[in-house]
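Colleague: I am attaching a structure below and will ask some questions about it afterwards.
What follows draws every value from the coordinates through simple rules; no lab data is involved. Computed from a predicted model, the values in this text were never measured in an experiment. Note that each Cβ is placed from the backbone with ideal geometry, even for glycine, and that neighbours are counted across all protein chains shown.
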């Protein structure tokens, strides 16, 4: 079975590489982007197949030399025995790594992402928590070498945000952050609480792969674009120029507003990026209904009403309810060190996929 899988990987990888130099493919932006993505997705598995072939060859050569060992001294005989054992021992491990690499991968994993964070229940404290989460994700993304930009924000009077939308750019950004969607809950004593009582507040997080223009076709005739005067914090230009933009997608009723930039054009561009991501997410959700059984093998349902994590300040504890993981490193986590959660969630997703494959 592993021999057939390796042969298929090698054949597909060579075919994709050939397509990348095909003039017809180069002339078709959408097709080229799809082929380039598939080629990049297969790189790790192809590298493992090369290692498997090398181990196979080394074992075969050592076995051949040992089979005609006339003239071999003891030192060479011992060396070849060790080489044969080592090479054969690597083959099962490499085979397992190749199978794992070829599990069904999310085609969005390599994409940039848009993260929408909104204050939920809890008033001012929820807005402050939304600000904490925005800072946490910004620190985490920058620590991984991703670029972060605030696309839109609505500040709260007492601090924090009623809503903030971040764009995270870098290969693998969605893969690194996709399990963060859901309701995050904080338990702590607010600074304004004189009696020292613990309050529970929430914030919702939505992580969406950023859609390119070639993936989501937004027709100008489907848009109503309204221009209005900016409001809220923003400097001297606020309330003096009509630079804020509200975009309504008429077929779906989706509405996006952007007013952070002084330029009307920049606000329109940011609004369209957010709109495309939301439309892409809607299309993806519709498609997911058709493959619900497969999606159940992944960690979490993606339902934003799901309470996925609790941040408990009095106990210095962060608990992820999907996988039962608890860490007593709350300060470090809020500073962006969430790797133990993202890695554990990804590992659980792979485990469930492997179990599903084994069962089938």
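Colleague: Restricting to the chain, compute how many DSSP beta bridges are antiparallel as a %, nearest 5.
Modeller: Given both bridge residues lie in the chain, the antiparallel proportion sits at roughly 90 percent.
Colleague: While we're here: Under the 0.36 nm per residue contour assumption, what length would be gained going from the current alpha-carbon distance of residue 93 and residue 350 to full extension?
Modeller: 90.9 nm
Colleague: Oh, and also: For 185, 90, 229, what's the fewest-to-most ordering of other Cβ within 10 Å of each Cβ?
Modeller: Fewest-to-most Cβ neighbours within 10 Å comes out as 229, 90, 185.
Colleague: Same structure again: Exposure proxy check: 77, 140 ranked by fewest other beta carbons within 10 Å?
Modeller: Ascending number of Cβ neighbours within 10 Å: 77, 140.
Colleague: Looking only at 72, 223, 330, which one moves most when the chain is put into a Gaussian network model with springs between Cα atoms under 10 Å?
Modeller: 72
Colleague: Let me ask another. Can you figure out the FRET efficiency of residue 315 with residue 100, using R₀ = 35 Å and their beta-carbon distance, to the nearest 0.05?
Modeller: With a Förster radius of 35 Å, E is 0.45.
Colleague: Helix-derived [θ] at 222 nm for the chain: sum -39500 (n - 2.57) over DSSP H runs of at least 4, divide by residue count, nearest 500?
Modeller: My calculation for the chain gives -16000 deg cm²/dmol from helical runs alone.
Colleague: For the chain, what relative contact order do you get, as a whole percent, if you take Cα pairs closer than 8 Å and at least 6 residues apart?
Modeller: 14 percent
Colleague: Using a Gaussian network model of the chain with C-alpha springs under 10 Å, which one of 78, 204, 138 is most mobile by mean-square fluctuation?
Modeller: Of 78, 204, 138, the most mobile in the Gaussian network model is 78.
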